[in-house]
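A.B. asks: My questions will all concern the structure given below.
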Amino acid sequence: MTQAAEAPEDLRQLYQKLAEERHALLRCLAALSDEAAAAHPGGGWSAKQQAAHLCQAERTWVDWAFTVCDKPDATVGQTPQEGQIFLAEVEGADGYPLWYWQTRLKTARAETLRRLAIADLTADVLQRKGTHRTFGEMTVLQFLRGLYRHDRMHREQVQGKKQSFEVRAPGM
């Protein structure tokens, strides 16, 4: 079991970024009224829908990382043809109060941190590679970094900012 104090530097930085980006997202959402969080700027997803999407995606990305931990060279994820797969709660998300999604985001990240804390994430394990069907070859660490990058991407969307992180599939 790797504790944060014994963890490789990459893992300590990961924990820090996971906390920073989730806090930034939650601060962004806290600045919205419930009505504003249900608005669909430009016809896109509302802030509530983006939160619902993040809640669903979080567990799956951690599952994929752990699959690669256990089975290096594993292939995970959706194909480019399948497109977005984290939609289960998006359609009905606006029907819930904003505090519900804020709580779900906190709970999802706490569960992620619990799972990471009990995993054997050594420096060698973090560098194991697998293939995501859309994004190509990735290390366990890259899968886990995807969590905070995903938070940032959706926070910037909620804020109406140009995204600082571009998602690129292999060959793009």
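A.B. asks: Give me the pairs: first residue in region 89-102 and in contact (Cβ under 8 Å) with a residue 40 or more places away in the chain, second residue surrounded by fewer than 19 Cβ atoms within 10 Å (Cβ to Cβ) and part of a loop (DSSP other than H, G, I, E, B), beta-carbon distance under 6 Å, and six or more apart or on different chains, which are they?
C.D. replies: Going by the 6 Å Cβ cut-off, the qualifying pairs are Asp94/Ala38.
A.B. asks: Which one is surrounded by the most Cβ atoms within 10 Å (Cβ to Cβ) among residues in region 19-55 that are among the small types (Gly, Ala, Ser) and in a loop (DSSP other than H, G, I, E, B)?
C.D. replies: Checked region 19-55; the qualifying residue surrounded by the most Cβ atoms within 10 Å (Cβ to Cβ) is Ser46.
A.B. asks: Just give me the residues in region 90-125 being among the aromatic types (Phe, Trp, Tyr) and more than 16 Å from Trp45 (Cα to Cα), in sequence order.
C.D. replies: Taking region 90-125 first, the residues among the aromatic types (Phe, Trp, Tyr) are 96, 99-101.
Within region 90-125, Trp99, Tyr100 meet the criteria.
A.B. asks: Only one of these is assigned to a loop (DSSP other than H, G, I, E, B), surrounded by 13 or more Cβ atoms within 10 Å (Cβ to Cβ), among the acidic types (Asp, Glu) and under 17 Å from the mean Cα position of the chain (by Cα): Glu58, Glu89. Name it.
C.D. replies: Glu89
A.B. asks: Can you find, within region 92-121, the residue that is surrounded by the fewest Cβ atoms within 10 Å (Cβ to Cβ) among those that are modelled with pLDDT of 95 or more and of a type in the set (D, E, K, R)?
C.D. replies: My answer is Arg114.
A.B. asks: Looking at (1) aliphatic (A, V, I, L, M); (2) assigned to a loop (DSSP other than H, G, I, E, B); (3) at pLDDT 95 or above; (4) closer than 29 Å to Arg133 by Cβ, which one does Val68 not meet, given that it meets all the others?
C.D. replies: Just one mismatch for Val68, condition (2).
A.B. asks: When the residues of region 144-164 are narrowed to those that are touching a residue at least 12 places away in the same chain (Cβ under 8 Å) and not in a helix (DSSP H, G or I), which ends up nearest to Trp61 (Cα to Cα)?
C.D. replies: Step one: filter region 144-164 for residues touching a residue at least 12 places away in the same chain (Cβ under 8 Å), giving 144-155, 157-160, 164.
If we keep only those that are not in a helix (DSSP H, G or I) as well, we get 159-160, 164.
On the way: Gln159: 24, Gly160: 25, Ser164: 20 Å.
So, considering only residues that are touching a residue at least 12 places away in the same chain (Cβ under 8 Å) and not in a helix (DSSP H, G or I), the one nearest to Trp61 (Cα to Cα) is Ser164.
The values are calculated or read from the model by the stated rules, or taken from the named source; none is laboratory data. What you see is a predicted model, and the numbers here were worked out from it, not measured in a lab. Methodologically, a virtual Cβ is constructed for each residue, glycine included, from the backbone with ideal geometry; neighbour enumeration extends over all protein chains shown.
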